[in-house]
1. If R₀ is 35 angstrom, what is the calculated FRET efficiency for the pair residue 33 and residue 280, using the beta carbon separation as r and rounding to 0.05?
2. Scan around residue 122 for amide H atoms under 5 Å from its own, H built in the peptide plane at 1.01 Å from N, and keep only partners 5 or more places away or cross-chain.
3. Evaluate the distance, in nm, between pseudo-label points positioned 7 Å from the Cα of residue 298 and of residue 162 along their respective Cα→Cβ axes.
4. With an 8 Å cut-off on Cα pairs and a minimum separation of 6 or more residues, tell me the relative contact order of segment 65-210 in percent.
5. Using the Karplus equation 6.51 cos²θ - 1.76 cosθ + 1.60 (θ = phi - 60°), what ³J(HN,Hα) coupling, rounded to whole Hz, does each residue of segment 40-51 give in order, writing x for Gly and Pro?
6. Between residue 83 and residue 145, 0.36 nm times their residue separation minus their Cα-Cα distance comes to what?
7. Suppose the chain between residue 41 and residue 271 were pulled fully straight at 0.36 nm per residue; how much longer would it get relative to their current alpha carbon spacing?
8. Percent relative contact order of the chain, based on C-alpha pairs within less than 8 angstrom and at least six residues apart?
Amino acid sequence: MAATASTDQVPEFDRIDGLPLPREQMRLVGHREAEMTLLDAYRSQRLHHAWLVGGPKGIGKATLAMRMARFVLSNPDRDAPHLALATDLSVDSADPAVRRILAGSHGDLLHLRRPWDEKGKRFKSFLTVDEVRRTVSFFGSTSSYGGWRVCIVDAADDMNASAANALLKILEEPPEKCLFFVLTHSPGRLLPTIRSRCRRLDLKPLTVDEIVQGLEMFARAGEEARHAAALADGSLRRAIQLLDAGGIEVANGMDRLIGQLPKPDLRQIHRFADVVSDRKNEESYRIFLDLLRDWLDRRVRDDAAAGLPPAVLVRWSEVWEKTTRAATLADALNLDRKQVVLDAFQALGEAARERPAA
């Protein structure tokens with residue numbers, strides 16, 4: 001595991017304490033086919049300038065994008081003889097370009113994420129237009145080291161409308177020797193014009209065995225680790241959070257309440273909401289929202305497979321959309337998160353009552 005960079009002046013978005021950031025992670029768990037797609041494209045004469053890397057959160061999209069960035073910036077000559085022998089995107093950690101990336105100081109790599117609000121002492125709710133406009137100066141100047149320039153948008157789902165339009169403009173007129181990796185948890189929700197200017201590279205959720213392998217890399221093993229892997233819905237990040245932030249207890253509590261639908265016990269809901277909305281345990285709240293989304297996704301798929309009416313599927317989708325709006329508003333205005341949880345279970349109960357009996 002690479003050491004955490006010590007030069008950061010502000011927190012880095014999506015960091016998990018004690019674990020490497022994607023730029024610091026030298027190993028990739030799973031996604032062998034996607035890795036070879038990128039390697040073969042780089043060695044060919046038909047390298048697309050923009051890649052839309054899709055898949056659920058926490059499965060390794062940013063890690064793969066950073067792995068490709070390290071490879072490209074360490075091997076700027078695509079025709080170099082040794083590249084023909086490469087079997088993956090691994091590079092020597094002692095390479096000067098890699099060392100700069102590990103330190104977060106490579107002049108030809110731009111990683112766009114939700115920025116830190118120094119005044120509010122928290123991350124902004126969106127990947128802002130000002131952040132995306134950093135591409136103007138980044139691509140408007142010459143390469144720092146005479147080779148490629150790589151921009152990673154992480155994640156495009158966090159962009160507001162102005163930021164999305166700013167990204168579209170630079171994708172429409174790409175500079176020479178540039179690569180974009182636009183990461184998204186939900187490709188279908190992006191602007192069609194952004195999707196049309198990118199080559200799709202969809203990553204599959206990790207298998208339980210792959211997640212267990214990844215957990216072992218971070219000294220997390222045993223029966224509880226396999227339990228977390230089974231609950232993680234293909235996400236290594238989720239499995240780590242389940243283990244480290246009391247997430248298994250959150251998952252078990254949520255399962256008990258969902259098992260009581262359409263009329264879960266109100267007192268149990270309040271106790272559960274008190275736990276997951278406690279601002280001293282930020283991750284429990286985020287884990288709850290992720291687990292709820294995953295459950296609703298599975299519910300929609302299962303009901304569709306069972307041939308239930310479209311109105312039923314729409315009703316489950318509306319629960320997630322309503323909860324997402326409420327959670328976003330609560331974050332933006334510092335409102336009571338407990339009410340978000342209570343309203344979510346109320347909406348679940350209403351949707352379950354309208355669902356035809358199996």
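1. Efficiency at R0 = 35 Å is approximately 0.25.
2. 117
3. Placing both labels 7 Å beyond Cα along the Cβ direction yields 4.1 nm.
4. Taking the mean separation of contacting Cα pairs over the length of segment 65-210, I get 21 percent.
5. Rounded to whole hertz, the list is 5, 5, 5, 7, 8, 9, 10, 6, 6, 7, 9, 10.
6. Contour length minus Cα-Cα distance gives 20.4 nm.
7. That pair, residue 41 and residue 271, stretches by 77.6 nm at full extension.
8. Normalised by residue count, the contact order of the chain is 16 percent.
All of the numbers you see were taken from the coordinates with simple rules; none came from a lab. Every value quoted in this text rests on a predicted model; they were computed, and no experiment measured them. Every residue, glycine among them, receives a Cβ derived from its backbone with ideal geometry; neighbour counts consider all protein chains shown.
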